[in-house]
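Student: A single structure is presented below for examination.
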Amino acid sequence: MYSTKAYSAASATARFVSSSIPRRDPTDRDVQIEILFCGICHSDLHLVRNEWSSIMPTVYPIVPGHEIVGRVTRVGSAVTKYKPGDLAAVGCLVDSDGTCPECKAGLEQLCPNQTLTFNSPDKYLGGVTYGGYSDSIVVDERFVLRVPSNLYIAGAAPLLCAGITTYSPMRRGGVTKGKKVGVVGLGGLGHMGVKFAHAFGAHVVAFTTSPNKKEDALRLGADEIVVSRNADEMKKHAGSFDFILDAVAADHDINAYINLLGRDGTVTIVGAPEKPLAVSAFSLLMGRRKLAGSIIGGIAETQEMLDFCGAHHINADVEVIPIQKVNEAYERLLKSDVKYRFSIDMASL
Ligand code: NAP
Ligand code: ZN
């Protein structure tokens, strides 16, 4: 065991402070990574503030962060895919049982015995796992990902959660040329959703509550932008979508989007607001519409997404901040005031 620097929060209302945390010494199968950048996901904020207490209660102190890119510093003797000096990444998962039907299908994100990168029971050290707002991390080789060398490192970090969470449902949902696709909420996830839907060839409509994001949405790849608080703008698209990705972090009217679907269309929710959403049965019945959910993606699919980003030169749009600004960044995230993901430069730690 060794000690490494981190930023942690001691309670749901505490500010982040500099601290030190234990990490295990790499086992034969482990990769030790010096963290260069870590994205700030809204899930970090939900968990730090214990907003998912009924599903996933927060254990304090918490060190969040699951959008990690760094440099390999050490590898165990059985590690074959990485060597010191390699660029490597870690997302939301650091372990799973490897034997259940979900793992066998490459769906480690659905494994009942998975270990999340933070706030999950730590099999090695006891207590809970600590995430990427820290100097270094030690991860089983099976959960380490390769970062294409042409990507901008600070902008590649958010791909590990915001990227895979939007890529996976769109790939499975048949988002291709000829399809009309909506993306709701231009935050960290949503802006990646727009980039992927555009790259997959769909006609993309971005829905935002922030009129000041209109021009950006076009630059990100949207063909049309709707300010969702404008009922007339919404009405124009009634019954016309094949697929809508809902990436909103707060309470909102989901029926407004279900009503925009055409026959057999699907709204897939990836946002995870604290409170349940009210769904009108009639919105679904009319048009045989579907409401679905999706959570991150498996390890192989995450690598596929990173390789796709390398091939298509896709990065997240990031505002790089030093770790000392993390408290301020959380307040800005709540105001939808980030274009479009904070990426922490860990050299500041
Ligand atoms: P984010 O950067 O804060 O983006 C959320 C966006 O939602 C905001 O930028 C804003 O976009 C919109 N929004 C915020 N408040 C709203 C409101 N009251 N009504 C309507 N729209 C509102 O968050 P994120 O990191 O992208 O995460 C989004 C959600 O996905 C979070 O709940 C997070 O926990 C969840 N998540 C889920 C998964 C998964 O695997 N399913 C993975 C990661 C994150 P506009 O300004 O454009 O309106
Ligand atoms: Zn996340």
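Student: Could you list, in sequence order, all residues of the stretch 15-60 that are within 16 Å of ligand 1 (Cβ to nearest atom) and of a type in the set (Phe, Trp, Tyr)?
Tutor: Kept after step one, since they are within 16 Å of ligand 1 (Cβ to nearest atom), are these residues of the stretch 15-60: 37-58.
Answer for the stretch 15-60, where residues must be within 16 Å of ligand 1 (Cβ to nearest atom) and of a type in the set (Phe, Trp, Tyr): Phe37, Trp52.
Student: Has the stretch 84-103 got at least one residue that is on the phi > 0 side of the Ramachandran plot and among the small types (Gly, Ala, Ser)?
Tutor: yes
Student: Kindly indicate whether Lys339 is within 16 Å of ligand 1 (Cβ to nearest atom), basic (Lys, Arg) and under 16 Å from the mean Cα position of the chain (by Cα). I'd like the intermediate steps shown before the answer.
Tutor: Numbers: within 16 Å of ligand 1 (Cβ to nearest atom): yes; basic (Lys, Arg): yes; under 16 Å from the mean Cα position of the chain (by Cα): yes.
Here the answer is yes, as Lys339 does meet what is asked.
Student: For the stretch 278-297, enumerate the residues that are surrounded by fewer than 17 Cβ atoms within 10 Å (Cβ to Cβ), part of a loop (DSSP other than H, G, I, E, B) and not β-branched (Val, Ile, Thr).
Tutor: The answer is Ala278, Ser280, Met286, Gly287, Arg288.
Student: So Lys275 clears everything in (1) assigned to a loop (DSSP other than H, G, I, E, B); (2) at pLDDT 95 or above except one condition, right? Which one?
Tutor: (2)
Residues are listed down the side, and each one gets a yes or a no for (1) touching a helix residue (DSSP H, G or I) at 6+ places or on another chain (Cβ under 6 Å); (2) near ligand 1 (Cβ under 9 Å from one of its atoms); (3) of a type in the set (A, V, I, L, M):
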residue	(1), (2), (3)
Cys161	no, yes, no
Thr176	no, no, no
Val194	yes, no, yes
Glu215	no, no, no
Gly221	yes, no, no
Ser240	no, no, no
Ala250	no, yes, yes
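Student: I'm told His198 meets every condition in (1) assigned to a loop (DSSP other than H, G, I, E, B); (2) in contact with a Gly (Cβ under 7 Å, 6 or more places away or on another chain) except one. Can you identify the failing condition by its number?
Tutor: (1)
Student: For the stretch 118-130, state whether one or more residues are β-branched (Val, Ile, Thr) and touching a Gly at 6+ places or on another chain (Cβ under 7 Å).
Tutor: Of all residues in the stretch 118-130, those β-branched (Val, Ile, Thr) come to 128-129.
Checking which are touching a Gly at 6+ places or on another chain (Cβ under 7 Å) leaves us with none.
No, there is no match, as no residue in the stretch 118-130 is β-branched (Val, Ile, Thr) and touching a Gly at 6+ places or on another chain (Cβ under 7 Å).
Student: If you check Ala292 against the conditions, is it away from ligand 2 (no atom under 16 Å from the Cβ) and in contact (Cβ under 8 Å) with a residue 60 or more places away in the chain? Give the derivation first.
Tutor: Working: away from ligand 2 (no atom under 16 Å from the Cβ): yes; in contact (Cβ under 8 Å) with a residue 60 or more places away in the chain: yes.
Yes, satisfied.
Student: Go over the candidates Thr73, Thr99 one by one and state the one that is of a type outside the set (D, E, K, R), assigned to a loop (DSSP other than H, G, I, E, B), over 24 Å from the mean Cα position of the chain (by Cα) and more than 16 Å from ligand 1 (Cβ to nearest atom). Give the derivation first.
Tutor: Details: Thr73 fails: assigned to a loop (DSSP other than H, G, I, E, B).
Only one candidate passes the filter, namely Thr99.
Student: Does Ala217 count as part of a helix (DSSP H, G or I) and in contact (Cβ under 8 Å) with a residue 24 or more places away in the chain?
Tutor: Details: part of a helix (DSSP H, G or I): yes; in contact (Cβ under 8 Å) with a residue 24 or more places away in the chain: yes.
Yes: the conditions hold for Ala217.
Student: Considering only residues that are crowded, with 17+ Cβ neighbours inside 10 Å and of a type in the set (S, T, N, Q), look in the stretch 31-79 and name the one that is nearest to ligand 2 (Cβ to nearest atom).
Tutor: Once the filter is applied, the top-ranked residue is Ser43.
The values are calculated or read from the model by the stated rules, or taken from the named source; none is laboratory data. What you see is a predicted model, and the numbers here were worked out from it, not measured in a lab. Don't worry about glycine lacking a Cβ; one is built from the backbone with ideal geometry, like all the others, and counts go over all protein chains shown.
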